[in-house]
Structure formats: structure tokens, C-alpha cells
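Structure first, then comments.
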Amino acid sequence: MYLGLQHLDELHKYEKIWQEIRIATNANHALSDVVERQLLSLHTQVAKKLDLVDQLTQFFVYFPSMSEELSDMIAETAKVSSLCEDVEARLAYLEVLCHTQACENLASNGRSNLESYRYKKEDEFNRVKTDLAYEYMKASKVKERRISGDRSEKQRCLQEMVTRDIELYRMSGVLPSKFCFASTRLFFLPQSQCPRLDDCHDVYNVIPYPSVSVMEHNNIFQH
């Protein structure tokens, strides 16, 4: 009886220990899950960092060549910048040339228009000049015919008067007072030497040569 109670105590003791072991095991299992997750996270982080280290290592390995390429790129950039400045200068010069050419074209068009206008006005002037010359010629001919008719009429009248006065002088021996004398001589001029009757203040100062014979002319001046 006493041994049975002792075994029961041992069993109760072992049962309590096993219960504590199960509790500890469960706790350790949960803790192991947490630790495993942390280890996985750390592994992932370490792997990423190792990748970064590898990339950084490769970068440092290729850095000299990259530096040379960067220097070449900087030199090419400087060349491109110089080319851009040259292109800008050429574009500015081209703009000046275009403006100059536009001004020259405008001036050429202006000169062409002015030349065309001058030719047009010269043609108009020549036409007007020709018309005026024609009108002047017509008017001159009309005036000349009128003056010639008046002169012929005046000369005819003078010749008639002179002939009549000479006949009167031959018949009566008296000259009319309207004749002009110079040194007691009466001037008779041929028709070709007579001045224009329009220019004479007194149409009797110069008398055209009458249609009389030489004998009658000499007989007149013998008195």
C-alpha cells in the first residue's frame, strides 16, 4: 500500500514534469518559428546587401573604364557645345544674309518699279510732246497762213497806194505828205529787203518797190 502511494507520487511528479516539458516545447516551437522567420528575413537582407556589395565591387572594377568613358563624354560634350556655338553664329550670319537679301530684293523691285514708272512717264511725255508739237504745227501753219494773207493784203494795198501816188506825182508833180524823205530822197526797197510790216511803226516809212518801169523810176528822182 505504501509502495503504491509512492509510485503515484512519482507518476504525479513525472506527469507534472512532462506537462512542463510540453509547455516548454510548445513555447520553444513558437520561439523557433519566430527565430526562423527572423533568420529568413536576415538572410534576405544579407543576400540583398551581398548583391549590393557585388554590384559595388563590379562598379569599382569598371570605374576606371567608366571614368575614361565619362571623360570622353565630357570631351564630346565640349565639342558638341563648340559646334552648337558655331551653328548659332552661322545661323545668325544666315539671318543677316536673309535680311540683306530681302532688302536687296525690295530695293531691286523698287528700282524696277521706278524704272517701269519712268519709262511709262517718258512714253506719256513723248506722246504729249508729239501731240503738242502737232497742235503747235497746226496752229503755226494757221497763224502763218493768216499772217501771210495779212502781209500780202497789206503789200497789195501799199503797192496800190504807191502806184496811185506815183501816178498822181507824174500827173501833178506833187508827192503826198505821207511819204518819208531822207536827204530829200524817197526810199524804195525791193520786196526781198522789206522788213515785216508788222514790225513797222509806220507802214509808209519803208515802201515796197512798185511795179513801175526803170525810166519812170529815174524820172521820179530827177525832179
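Derivation of every value follows stated rules applied to the coordinates shown; laboratory data play no part. Keep in mind it's a predicted model, so treat the numbers as computed, not measured. Don't worry about glycine lacking a Cβ; one is built from the backbone with ideal geometry, like all the others, and counts go over all protein chains shown.
Would you mind finding the one in Leu56, Leu8, Leu94, Leu39 that is part of a helix (DSSP H, G or I) and either under 60 Å from the mean Cα position of the chain (by Cα) or at positive phi (or both)?
Leu94
Pairs only if they're at least six apart or on different chains, beta carbon under 9 angstrom, first in segment 131-147 and exposed (fewer than 10 other Cβ atoms within 10 Å of the Cβ), second of a type in the set (Lys, Arg) and outside any helix (DSSP H, G or I); list them, first residue then second.
Final answer for the pair search is none.
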